[in-house]
Amino acid sequence: MTEPVDSSYTDAALPIDERVEILLGQLTLEEKAGLFFQTMITMNPEGSLSDGDETFGLPGNVEYVTHRLMNHFNILGSGPTPEAIAGWHNKLQELAASTRLGIPVTISTDPRHSYSDNPLAALTTGAFSVWPDTLGLAATRDEALVERFGDIARQEYTAVGIRVALHPQIDLATEPRWSRQLQTFGEDVELTCALGAAYIRGFQGTTLGHDSVATMTKHFPGGGPQLDGEDPHFAHGREQVYPGGRFELHLKPFEAAFGAGTSQIMPYYGMPVGTDLEEVGFGFNKGVITTMLRERFGFDGIVCTDWGLINDSEIMGAPFPARAWGVEHLTPRERMIKALDAGVDQFGGEACPELLIDIVRSGELPESRLDVSARRLLREKFVLGLFDEQRYVDVERAKQIVGNADFVAAGEAAQRASITLLTNTDALLPLSRGSKVYVEGIDSEVAGRYGTVVATPAEADVAIVRIAAPYEQRPTMFENFFHSGSLDFSAGQVAHLLEVATVVPTVLDVFMDRPAILTPLVDRVGAITANWGAGPSALLDVLFGESSPQGALPFDLPSSMAAVEANLPDVPFDTVDPLFRFGHGLRYS
């Protein structure tokens, strides 16, 4: 016979800790286990509940909520309208309310305000306001702008029901080849500390509350020092190394994040090699999570693993092994026990509460261990107001808030402010309106609003060419979402750019998701700008003098791959004779 429910935990007048204990005391083992898993979820484009997604192998919404009793989800996709997302969120909350205790769902998201499109790291914006990527925010050097971004993103997220940001990423980009730099604040520890804290304040406010978006700051204890710059999403990038002995430096941004009150922490996939720590991935590493994070820094918030540490998976028909570095030999059951013993509260990208239930029932883990994490997970739902008036969102308000004119204008201004002028030979810039322009990588219609677009360099007064920083092609589709390998442009690309530059003065704009080596080009083109996510209009506004360049490099630009290869991965500013230093950025006179 089912025990009657004591619903006094729904009384908003009671202290939160008391409400947590009233609810926790009524949870079955199955209900506790459901709290421990946060995984990807989809919605139908018009806002109805989804039956699942074959591409990512995801079950349907009903299966997750009513059968597996899960209530933390990372929403995929960026196409639906704000009202569709808000409507879907409300339907999902209604579904959760129909369960025995009515525990509300918590929706999280990867970054969705920038130009990035990496399904394993960030999403395109859809209807949300569009801003430069985090490196671009760093290029502005503007704490107030970063906090304003966080506040605008918070308003847009909460309008559609998103209450957890799976960001910021405050790793130090000390290995120039690393593929995850775009979502960092760059190479400098002081800048990262200042801007990371501002970012968290923007999302959470001074204290976490009903209007906040909780930040899951990552990747503790700093994910930048990757061997050869390879990324630990993949087995060949699992090693994190500290040949320069700078482990402590990479902790400093997290100290600033704790000071700003970050609610959650995500450890990275990588495993430390050559330190006193156990050589296992940080999500399994008790020395990192319990000894360092919990005891040394006193962090008592939620610790959620990075996605997919426990079970192998398949995406688009291709195998995607669990990122269980250092514990590949363990079974999923043993991995789960090790991660819980390390001190994690939640498994990202996993949806197997039945395994956790069986572990407890077999006596391998006491149920009291689940209670420790369940308290944290439930408490945040209460703090965010999800048991109260914040459970549902106003669909019409979502339509008005997300992507409104003021927010869009602020994002566009930030795009312009982030563009960094590296060279400007003979004061080629700013360009004159009405010039005859040859363009590559820019829509001709947009360029036509600034000058007369011509078909060949020979017809032009100036050429404007947009390119991306180079990377090496890798064997699988998902590896190529993570730009890795050499930072040298190919000989063919250099030859083409120089061919254009010999015909007409040329402006080269480079999307600097990694610090490209510009040495073969720097003295041969008229001007070079760097961007970290800026639309063509934002760039052209700067090139044609509608706005002045304001950005500054968030990292050194190396002069050669030899210098990159000699760089100590954990040491900032370690490449010999960089072409341009951190902070470089010219202005119009």
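The values are calculated or read from the model by the stated rules, or taken from the named source; none is laboratory data. Just so it is clear, the model here is predicted, and its values are computed rather than measured. Cβ coordinates were reconstructed from backbone atoms using ideal geometry, including for glycine residues, and neighbour counts include every protein chain displayed. To get the accessible areas, we keep the full protein, side chains included, count just its heavy atoms, and leave off ligands, DNA and RNA. Shrake-Rupley method; radii C 1.70, N 1.55, O 1.52, S 1.80 Å.
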Cβ-placed point charges (K, R +1; D, E -1), dipole of segment 171-312 about Cα centre in debye, nearest 20: 300 debye
Taking protein heavy atoms only, a 1.4 Å probe, and rounding to whole percent, the accessible area of segment 477-589 owed to carbon and sulfur comes out at 54 percent
Looking only at Cα atoms, what is the convex hull volume of segment 184-299 per residue, in Å³? 105 Å³
Please identify every one of the chymotrypsin sites (Phe, Trp or Tyr not before Pro) in segment 37-107 that sits in a loop by DSSP and has no more than 12 other beta carbons within 10 Å of its own beta carbon. none
Sort out the exposed loop GluC sites (Glu not before Pro) in the chain (DSSP loop, at most 11 other Cβ within 10 Å) and tell me the longest stretch that has none. 55-388
Computed from the beta carbon distance with a Förster radius of 25 Å, FRET efficiency for Arg369 and Ala235 to the nearest 0.05 stands at 0.25
Please compute the length gained on full extension between Ser313 and Thr207, using 0.36 nm multiplied by the number of residues separating them and subtracting their Cα-Cα distance. 34.4 nm
Enter the accessible area per residue of the chain (Å², integer; probe 1.4 Å; all protein chains in place). 35 Å²
What whole number of Å gives the distance from the Cα centroid of segment 454-494 to the Cα centroid of segment 186-228? 31 Å
Quick one: check the C-alpha center-to-center distance for segment 308-383 versus segment 2-68, whole angstrom. 17 Å
So if R0 is 22 Å, what FRET efficiency would Thr290 and His329 give, r being the distance between their Cβ atoms, rounded to the nearest 0.05? 0.45
Quick one: pull the percent of accessible area on segment 104-241 belonging to carbon and sulfur, 1.4 Å probe, ligands and nucleic acids left out. 47 percent
Calculate, in nm to one decimal, what Glu21 and Thr55 gain on full extension: separation in residues at 0.36 nm each, minus their alpha carbon distance. 8.3 nm
In segment 344-391, what percent of the accessible surface is made up of carbon and sulfur (1.4 Å probe, ligands and nucleic acids excluded)? 48 percent
Can you give the Rg to Rh ratio of segment 71-189, both from alpha-carbon atoms, with Rh computed by the Kirkwood formula? 1.03
Just to be sure I understand the curve: with the Debye formula and one point per C-alpha of segment 25-92, what is log10 I(q)/I(0) at q = 0.16, 0.24, 0.29 Å⁻¹? -0.54, -1.04, -1.33
Give the calculated FRET efficiency between Ala495 and Glu190 to the nearest 0.05, with a Förster radius of 45 Å applied to their Cβ-Cβ distance. 0.65
Only four residue types carry charge here, +1 at the Cβ of Lys and Arg and -1 at the Cβ of Asp and Glu. Report the dipole size of segment 442-545 about the Cα centre in Debye, rounded to the nearest 20. 120 debye
How much net charge surrounds Val344 when only other residues with a Cβ under 12 Å from its Cβ are counted (Lys, Arg +1; Asp, Glu -1)? +2
Computed from these coordinates, which is Cα extents along the principal axes in Å: [x] 96, 61, 50; [y] 85, 55, 44; [z] 79, 72, 51? [y]
